[in-house]
Amino acid sequence: CARLNVPYHPWRCQCMGYFELLVGLLFVLALIDLSVGVSNDAVNFLNSAIGSRVTSRRVILIVAGLGVLAGSLLSSGIMEVARKGIFNPDMFVFADVMVIFLAVMLADVLLLDLFNTFALPTSTTVSIVFELLGAAVAVAFLAVAGGADASGVLAYVNVERAILIISGIGISIVVAFTVGTAVQFISRMLFTFESKNHTAVIKIAWSAIAFTIISYFLIIKGLKGASFMTEAAYGYVYGHMLFIVAASLAIWTAVMWALNRAGIDILAIVVLGGTFSLALAFASNDLVNFIGVPLAGLSSWQAWAGSGLAPDQMTMEVLREPVQGNTLILVGAGAVMVTTLWFSSKARSVTQTEVNLS
């Protein structure tokens, strides 16, 4: 305790090293989870480019890697899902949330690696959401086992938010199917049956619109969760949204016209642009599935270490506070994911499974 420069408490000197070890273990599991998670999710943003063979796999991986690195910087805003999106942290003490976080990370690593071994794509978001829900419910049952009404378990779960997240997952399937069908049908009508004398204008217009949509996604939507973005800067961008979209359309039309005149296949450029944006979306959305829980564990430990309370006495209201991701940690996580893209044989096998299916 003298070394730690804290008042003497017998429980504190016994628990300090134990919970430090748990935090370290969470981050070791995070590194493993980043690898097995990306091996499974790589199919989400690689299969279109690889399946259509627009260019070599090396170029596709370079484009996807840049997207993952960019997306890792935009993932800060969604980290709160692991902290308060599924359970009510004020109902749990510090010792309880550390048990929840450790159980979630162990389950996630084992589950995703099992799917990867059999080359089966799965949803890392569904996995982490239901792992958090299951672990929280299990700990809540233990908490009320002392005689409280079992219905009190619901008080430990953020029911409204959990239903919203789970409903969003289900709705996204319907939306993806509907929009994918519509866009595919229009694309086929425009390009498959059109004579070569009329495709230049259509290709340029289609490509310019596609890149304008991607630009809107990156600038207007993507920057909102960026760890380096201030509220004032985002407010300025959002206030000039129409001008930015119109300017993007004009610029991309000129660029696509020039590329087409140079003999470059601009539809292949659209596929690579989509690959970049999908990789960015994956990293900005799914990074919470891999490091959100360890970061929540670190925040919990930091709050408890300075509280002077026993680990079974301090409730975790601190997890309700807004979180701003550490840029270095986010970039480091992005680097691990990019390395996995290049060297994971399981990522290649899962991607090949979905390409074969399509």
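If each Cα of region 294-358 is one equal point scatterer, what is log10 of I(q)/I(0) from the Debye formula at q = 0.21, 0.28 Å⁻¹?
-0.88, -1.16
Which whole-Hz couplings ³J(HN,Hα) result when phi for each residue of region 202-215 is put into the Karplus expression 6.51 cos²θ - 1.76 cosθ + 1.60, θ = phi - 60°, listed in order with x for Gly and Pro?
Working through the residues one at a time gives 5, 4, 5, 5, 4, 5, 5, 5, 4, 6, 5, 4, 4, 5 Hz.
At a 1.4 Å probe radius, which order do S167, S284 fall into by accessible area, largest first?
Ranked list, largest accessible area first: S167, S284.
Could you work out [θ]222 nm for the chain from helices alone, using -39500 (n - 2.57) per DSSP H run of at least four and dividing by all its residues? Round to the nearest 500 deg cm²/dmol.
The per-residue figure over the chain is -24000 deg cm²/dmol.
Please calculate how many Å² of accessible area the chain carries per residue, with a 1.4 Å probe and no DNA, RNA or ligand atoms counted.
Dividing the accessible area of the chain by its residue count gives 51 Å².
What ³J(HN,Hα) values, in whole Hz, does the Karplus curve 6.51 cos²θ - 1.76 cosθ + 1.60 give for region 350-358 when θ = phi - 60°, with x put for Gly and Pro?
Running phi through 6.51 cos²θ - 1.76 cosθ + 1.60 with θ = phi - 60° gives 5, 4, 5, 4, 6, 4, 5, 4, 5 Hz.
Compute, for the chain, the length of the dipole vector about the Cα centre, with Cβ point charges of +1 (Lys, Arg) and -1 (Asp, Glu) only. Units Debye, rounded to 20.
1240 debye
Leaving ligands, DNA and RNA out of it, report the carbon-plus-sulfur percent of the accessible area of the chain at a 1.4 Å probe.
That share works out to 68 percent.
Pop out the ³J(HN,Hα) list for region 334-339 in order, Karplus 6.51 cos²θ - 1.76 cosθ + 1.60 with θ = phi - 60°, rounded to Hz; leave Gly and Pro as x.
Coupling constants for region 334-339: x, 5, 5, 5, 5, 4 Hz.
To the nearest 10 square angstrom, what accessible area does M189 show with a 1.4 Å probe?
Ignoring ligands and nucleic acids, M189 comes out at about 100 Å².
Provide the solvent-accessible area of I219, counting protein heavy atoms only and rolling a 1.4 Å probe, rounded to the nearest 10 Å².
60 Å²
Could you pull out every residue, at least 5 positions away or on a different chain, whose amide H is within less than 5 Å of the one on F87? Hs are placed 1.01 Å off N in the peptide plane, and Pro or chain starts have none.
N158
Whenever you get a sec, line up V104, V237 from highest to lowest accessible area (probe 1.4 Å, protein heavy atoms).
V237, V104
Could you give P(r) for the chain, binned at 10 Å from zero, as whole percent values over all Cα-Cα pairs?
Taking every Cα pair in the chain, the percentages come to 5, 21, 29, 23, 13, 6, 3, 1, 0.
The values are calculated or read from the model by the stated rules, or taken from the named source; none is laboratory data. All values derive from a computational prediction rather than experimental measurement. Reconstructed Cβ throughout: ideal geometry from the backbone, glycine too, with neighbour counts over all protein chains shown. Heads up: the accessible areas ignore ligands, DNA and RNA and are worked out on the full protein's heavy atoms, side chains in. Shrake-Rupley method; radii C 1.70, N 1.55, O 1.52, S 1.80 Å.
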